[in-house]
Amino acid sequence: MTMTVRQHEYLKLLGIDVWVSRDRDALLAETGGVDTTTVGMNTVPDSDWTGLREQVAACTNCPLHHGRTMTVFGSGSETADWMVIGEAPGAEEDRQGEPFVGRAGQLLTSMLKAMGIQRQQVYIANIIKCRPPANRDPAAEEVAACESYLQQQIAHVRPRIILALGRVAAQNLLKVDTPIGRLRGQCFEYAELQIPVVVTYHPAYLLRSPKEKRKAWDDLQVATNLYAGLPA
Ligand code: SF4
């Protein structure tokens, strides 16, 4: 099967070696190697949004507030078509107050770019807003305490599609305990707002298990194709 320019770029940006013919190299060089498909980008100031951000910054609803440096509210376009949801802040996110910074963040940026999306065009958030000690999985009580913040973020952004990164994000969004291997690459629904959800591996896991990047690429294609087929 012939590999398209976009398919090649998925693999290349995810760090997967791809054999290409000289002709294909020439084609990539001509196009700059990047598919320029984009989605809408916009930001709209909103007092409710500011209030929610302030509420999170001052939150003491669960014990995680004791150990945090900063809350990590989220970042990106408040009117994004795509919402990316991860698990919890790590050490660098806790220091900077931004989601998905560091190596995992760089890989996420590459994954989005491979899909033809600039990072600032999506909205990125986590299931919980404060870093768990030693990056352990968030406890069920902590997720429950933080849940309404993410629900309000999703309701405000109203994305057309959600990409859930990793088991914790997927299971909590979909309210299931199914292993991620059986969730990834399919279309589910965020039941509260009937928003399609596609699950893939967390970039931090992909850094530890680079062989799984091909599966992540398949998942991203599922998500991209699903988005392309959504009614206008
Ligand atoms: S994790 Fe969520 S619920 Fe817990 S203190 Fe932080 S913002 Fe509040």
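Values in this text are rule-based calculations from the coordinates and carry no lab data. No experiment lies behind these values; they were computed from the predicted model shown. Cβ coordinates were reconstructed from backbone atoms using ideal geometry, including for glycine residues, and neighbour counts include every protein chain displayed.
Whether a residue is assigned to a helix (DSSP H, G or I), of a type outside the set (A, V, I, L, M, F, W, C) and surrounded by fewer than 18 Cβ atoms within 10 Å (Cβ to Cβ) was assessed, and N225 passes this test. Restricting to segment 114-137, name every residue that is closer than 22 Å to E54 by Cα and out of contact with any strand residue (DSSP E or B) (no Cβ under 9 Å at 6 or more places or on another chain). Listed by number, the residues that qualify are I128, K129, C130, R131, P132. Of all residues in segment 137-182, those satisfying the criterion of being more than 16 Å from the ligand (Cβ to nearest atom) and crowded, with 21+ Cβ neighbours inside 10 Å are V157, P159, I161, I162, L163, A164, L165, G166, R167, A170.
A Cβ distance below 7 Å, combined with a sequence gap of six or more or placement on separate chains, defines the contacts here; from segment 182-193, residues that are without any contact (Cβ under 8 Å) to a residue 40 or more places away in the chain reach residues that are among the hydroxyl-bearing types (S, T, Y) in the pairs R184/T200; R184/Y201. Out of the residues in segment 51-68 that are in a loop (DSSP other than H, G, I, E, B) and free of Cβ contacts under 8 Å to residues at least 40 places away in the same chain, which is farthest from the ligand (Cβ to nearest atom)? Once the filter is applied, the top-ranked residue is A58.
Between A114, A80, A88, the distinction of being in contact with an Asp or Glu (Cβ under 9 Å, 6 or more places away or on another chain), touching a residue at least 12 places away in the same chain (Cβ under 8 Å), of a type in the set (G, A, S) and away from the ligand (no atom under 16 Å from the Cβ) belongs to A114 only. Given the condition touching a residue at least 24 places away in the same chain (Cβ under 8 Å), among the small types (G, A, S) and under 25 Å from Q55 (Cα atoms), answer yes or no: does some residue in segment 203-221 qualify? No; the residues of segment 203-221 include none that is touching a residue at least 24 places away in the same chain (Cβ under 8 Å), among the small types (G, A, S) and under 25 Å from Q55 (Cα atoms).
When V168 is tested against the conditions (1) touching a residue at least 24 places away in the same chain (Cβ under 8 Å); (2) within 23 Å of S77 (Cα to Cα), the lone failure is (2).
Exactly one of (1) assigned to a loop (DSSP other than H, G, I, E, B); (2) within 16 Å of the ligand (Cβ to nearest atom) is unmet by F100. Its number? Here F100 clears every test but (2).
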